[in-house]
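Participant: Submitted below is the structure of interest, expressed as structure tokens.
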Amino acid sequence: MSEAAAAIHTEDHAEHHEELSFLYKYILPVDHKMIAMQYMFTGLIMAVIGGYFAYVFRMQLAYPGESVPFFGIVGPGEYNMMVTNHGTIMIFWVAMPVLIAAFGNFLIPLMCGCDDMVFPRLNRLSYQIFLVSALVLILSFFVKGGGFGGAWTAYPPLSSVPEFSLTDWGASLWVLAVALEFVSFLLGGINFVTTAMNARAPGMKMLDIPIAVWFIVIAVILFMASVGPLIAGAVMLFMDQRIGTTFFLPSGGGDPLLWEHLFWFFGHPEVYVVLLPTMGIVADIITVFSRKKLFGYRTVLYTAFATGGLSFVVWAHHQFVAGIDPRMANVFVVTTVLISIPIAEMLFSYIATLYGGSIEYTTPMLWALSFLFAFLIGGVTGIYLGASALDVYFHDSYFVLAHFHYTFFPITIIGMFAAITFWFPKMFGRMMNETLGKIHFWGTFIPFNCIFLPLFFLGLAGQHRRIYNYDHFPDLATEELQDIRVFATASLVIMLIFQVIFLYNFFYSMFKGEKAPDNPWKANTLEWTVPSPPPHGNFKTLPTVYRGAYEYSVPGREMDYWPQNMPPDES
Amino acid sequence: MIEYYVYKASSFAGDIDDLFVVITWIIGVCFLLTLGAFIYFMIRFRRKEGVKAEYITGEKHKEKKWTHYPHYAIIALDVVIIAVNIIVWVHIKQTLPPKDNLVRVIGQQWSWSFIDSGPDGVLDTADDIATVNDLHVKVGETYHFELQARDVIHNFSVPVFRLRQDALPGRTIKGWFKPTMTGSFDIQCAEMCGYGHGIMGGAITVHTEESYNETIAQIKNGTYESHYQKRMGTKTPLPSDTSQIEVEGSFARLLASVF
């Protein structure tokens, strides 16, 4: 964007600070904060759907064949559909919109000190396409044959031939929804990168940018660089389904393995696409509540670059036993195990940040620390699966599932709660209730471990995934293993019940909570220098930045924090 | 550790179990040390009245070494894991030991077909023995398999052998196994294959020489009863004799058997 255009943009903006009509304020907003809210609430609604699916299929696993309360008898087709769409929803319609789109939209302009995204209308379009994609996905559950049930990885020919999947339009609408969602995030991503790189407040150098913003930007770049092959793959899959091409069908000269490569070339960086925003959010939270400078800001940043770079060359570790040349697996073992190096360094830096701190255990801090704990388990169990020879046994077993949920649950759910409880005062101008927040934290974190730790042991016993009833496998139909399934399901139900406390706390605090000051946590970053909630246009006068985001407890200063925009001669 | 949950019935099952134990020790120690430091910091540096946090940038060498040295240890341990893994992997997947028997395994929605090459050891000849959902093999003999899929991707999975391999339509994938323990065990399909994925099982029966010949004779004269059907509804006990451990409740018993 040229400077002239920027000038016109700001001028244009200055004239539009009068009160907007309801339609333009809430339904068709261009304000980044309102778009962030739209993303967040859409994501939360989708999370409820995804959680409901998890409840139904876990109940079926614990009590096979019995009628599930609030659903009924679960058939194999419905089971497959729910397993598939639970995964799809939680990754594409919860993790990405809430962590990247909602908090990216909310935080990037506020933390970078500008009045809005660089392309506000593109931002609005991005959300609208996202909304359409969510509606298309929901529609796919109700077409003839039901929703798509071929797992979220959608391996063809199962996904490409209606006679095999038995979900003719369900599969097509699923692909369409995913493709639309990618388009939406491509548009959003362009906006995020441009804003963070070109529209920062004067004085904010590259190494003054808060890690939360940095990591969202890196995540978005990873996403945009990796999604191209998958969009091409999705178009090919859609054509295979609807007009009878045979890109993935061996009988017509195609190859199902091609899809696996295209999918996982995107699928693995995608893990880091959702991981990095949460990592960034956690960095900001632990520094605030331990009153410490982030240990090794540059190291943390460079490890993120290294992780991002490596994530492009590890994808075939999902395909060790998929029929690829076994010699190729050795290369991917090396790259996969190497990725533990930057991630471990990053975690070490976070833990080192706590050293010498003055840690206050508020609700957001509990979420951030529990993220580190859970992700540590998720990370180390990944080493088992990165070793190709163990993958010969663990492929598609519950060990994979447990490992995956020990990474994605902390990333998505814990990361989301950390971010919401931390920025709630800024978003809605009111404080959340701490006691209820802590009850909700323990009521989520303990059951979470009780759900997924036992599943590692089911994986050791050789239990394979996506089976609606283990009675057909006598080695797995033992009472001991069934007890574990019941235990995990019971924990899930307890965890879901505790979410009611969160919803109550969230909505009650939004309207009736204690009024929040501008800077309730005494944090340094720019979003805490504006009123809570920030007005349209964010800053009365655009701020100037004098220092990095993590100058806490600087020796010789009375105040233990030092806002980024405070001139050096003031104190 | 794995052998507590599932029998070890092939020649390479032990290698995989050992690899699991090696990795468990390596990452277990790293995990506990990291977790120990983490929990210690959380307790030691909780907020106390009048105690101000220290100012540590983590940019100086003196400070950075605290994250760098553990990190060098991890690089060294990674090399160990990679090396051990590649040794096992090359043995299981990259090399084919000389065969005693050949069997073709075909996955289709939603059953397994097995074609044993019979006495002549060549497939597609008159002495082939075809079975559905039932694979009969002899203990102590090396089997090569040719894995195929008729419609969608399946995965030929035999947990007691520690064996999983995708079957791709349009390809024939070769592999091997050598059973070392007699008995009947599960065959699974471990790749989502559609509506009936949850019922796509089978039984592999590892025979001694005599019982193998007996079963083959039954198949030929039509008195054969499917082992897969016979196994259905039975519950196999877990391998470790956990009844010796005096802990109440089967879930606790199962966890206790690990340690």
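The values are calculated or read from the model by the stated rules, or taken from the named source; none is laboratory data. Not measured: the values here are computed from a predicted model. Reconstructed Cβ throughout: ideal geometry from the backbone, glycine too, with neighbour counts over all protein chains shown.
For (1) over 18 Å from the mean Cα position of the chain (by Cα); (2) among the basic types (Lys, Arg); (3) farther than 18 Å from A:Trp264 by Cα; (4) modelled with pLDDT under 95, each residue gets a yes or a no:
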site: A:Gly150; (1), (2), (3), (4): yes, no, no, yes
site: A:Thr153; (1), (2), (3), (4): no, no, no, yes
site: A:Leu166; (1), (2), (3), (4): yes, no, yes, yes
site: A:Trp174; (1), (2), (3), (4): yes, no, no, no
site: A:Gly188; (1), (2), (3), (4): no, no, yes, yes
site: A:Asn191; (1), (2), (3), (4): yes, no, yes, yes
site: A:Met197; (1), (2), (3), (4): yes, no, yes, yes
site: A:Ala201; (1), (2), (3), (4): yes, no, yes, yes
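Participant: It is to be established whether one or more residues within region B:170-178 are closer than 21 Å to B:Val6 by Cβ, more than 9 Å from every other protein chain (Cβ to nearest Cβ) and among the β-branched types (Val, Ile, Thr).
Facilitator: No, every residue in region B:170-178 fails to be closer than 21 Å to B:Val6 by Cβ, more than 9 Å from every other protein chain (Cβ to nearest Cβ) and among the β-branched types (Val, Ile, Thr).
Participant: Looking at A:Thr278, A:Thr195, can you tell me which residue is under 25 Å from A:Thr407 (Cα atoms), in contact with a helix residue (DSSP H, G or I) (Cβ under 6 Å, 6 or more places away or on another chain) and buried (at least 24 other Cβ atoms within 10 Å of the Cβ)?
Facilitator: A:Thr278
Participant: OK, next. Look at region B:179-227 and say how many of its residues are at the interface with chain A (Cβ under 9 Å from one of its Cβ atoms) and part of a loop (DSSP other than H, G, I, E, B).
Facilitator: Matching residues across region B:179-227 total 8.
Participant: Next up: Quick check on region A:138-176: of everything there that is touching an Asp or Glu at 6+ places or on another chain (Cβ under 8 Å) and outside any loop (DSSP other than H, G, I, E, B), which residue is farthest from the other protein chains (Cβ to nearest Cβ)?
Facilitator: A:Pro162
Participant: Let me ask something else. Within region B:118-136, is there a residue that is touching a residue at least 40 places away in the same chain (Cβ under 8 Å) and more than 30 Å from A:Val161 (Cβ to Cβ)?
Facilitator: yes
Participant: Considering only residues that are away from chain B (no Cβ under 13 Å), surrounded by fewer than 21 Cβ atoms within 10 Å (Cβ to Cβ) and assigned to a helix (DSSP H, G or I), which ones fall in region A:239-264?
Facilitator: Answer for region A:239-264, where residues must be away from chain B (no Cβ under 13 Å), surrounded by fewer than 21 Cβ atoms within 10 Å (Cβ to Cβ) and assigned to a helix (DSSP H, G or I): A:Met239, A:Arg242.
This table checks each residue for (1) modelled with pLDDT of 95 or more; (2) among the hydrophobic types (A, V, I, L, M, F, W, C).
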{"position": "A:Met40", "(1), (2)": "yes, yes"}
{"position": "A:Gly51", "(1), (2)": "yes, no"}
{"position": "A:Val56", "(1), (2)": "yes, yes"}
{"position": "A:Val74", "(1), (2)": "no, yes"}
{"position": "A:Thr84", "(1), (2)": "yes, no"}
{"position": "A:Met117", "(1), (2)": "no, yes"}
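Participant: Next up: Return only the number of the condition from (1) away from chain A (no Cβ under 14 Å); (2) of a type outside the set (Val, Ile, Thr); (3) in contact with a Leu (Cβ under 6 Å, 6 or more places away or on another chain) that B:Ala167 does not satisfy.
Facilitator: The number of the failed condition is (1).
Participant: Hey, can you tell me all the residues within region A:326-342 that are more than 8 Å from chain B (Cβ to nearest Cβ) and surrounded by 23 or more Cβ atoms within 10 Å (Cβ to Cβ)? Break it down stepwise before answering.
Facilitator: From region A:326-342, those more than 8 Å from chain B (Cβ to nearest Cβ) are A:328, A:331-332, A:335-336, A:339, A:342; that's our starting set.
A:Thr336, A:Ile339 - these are the residues of region A:326-342 that are more than 8 Å from chain B (Cβ to nearest Cβ) and surrounded by 23 or more Cβ atoms within 10 Å (Cβ to Cβ).
Participant: Shifting gears a bit: Considering only residues of region B:101-139 that are touching a strand residue (DSSP E or B) at 6+ places or on another chain (Cβ under 7 Å) and in a loop (DSSP other than H, G, I, E, B), which is surrounded by the most Cβ atoms within 10 Å (Cβ to Cβ)?
Facilitator: Within region B:101-139, the match that is surrounded by the most Cβ atoms within 10 Å (Cβ to Cβ) is B:Ser117.
Participant: Restricting the first residue to region A:478-501 and requiring it to be within 19 Å of A:Gly462 (Cβ to Cβ), which pairs with a second residue that is surrounded by 19 or more Cβ atoms within 10 Å (Cβ to Cβ) and among the β-branched types (Val, Ile, Thr) meet a Cβ separation below 6 Å and a spacing of at least six or different chains?
Facilitator: What qualifies is A:Ala488/A:Ile451.
Okay, residues lined up against (1) in contact with a helix residue (DSSP H, G or I) (Cβ under 8 Å, 6 or more places away or on another chain); (2) farther than 20 Å from B:Tyr5 by Cβ:
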position: A:Leu458; (1), (2): yes, no
position: A:Ile467; (1), (2): yes, no
position: A:Thr478; (1), (2): no, no
position: A:Ile494; (1), (2): yes, yes
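Participant: How about region A:363-470: which helices (runs of 4 or more DSSP H) wholly inside it have at least 2 residues that are under 18 Å from the mean Cα position of the chain (by Cα) and without any contact (Cβ under 8 Å) to a residue 60 or more places away in the chain?
Facilitator: A:363-386, A:398-408
Participant: Moving to a separate point now. Take A:Phe424 and decide whether it is in contact with a Leu (Cβ under 6 Å, 6 or more places away or on another chain), more than 24 Å from A:Leu310 (Cα to Cα) and not β-branched (Val, Ile, Thr).
Facilitator: So A:Phe424 does not fit the description; no.
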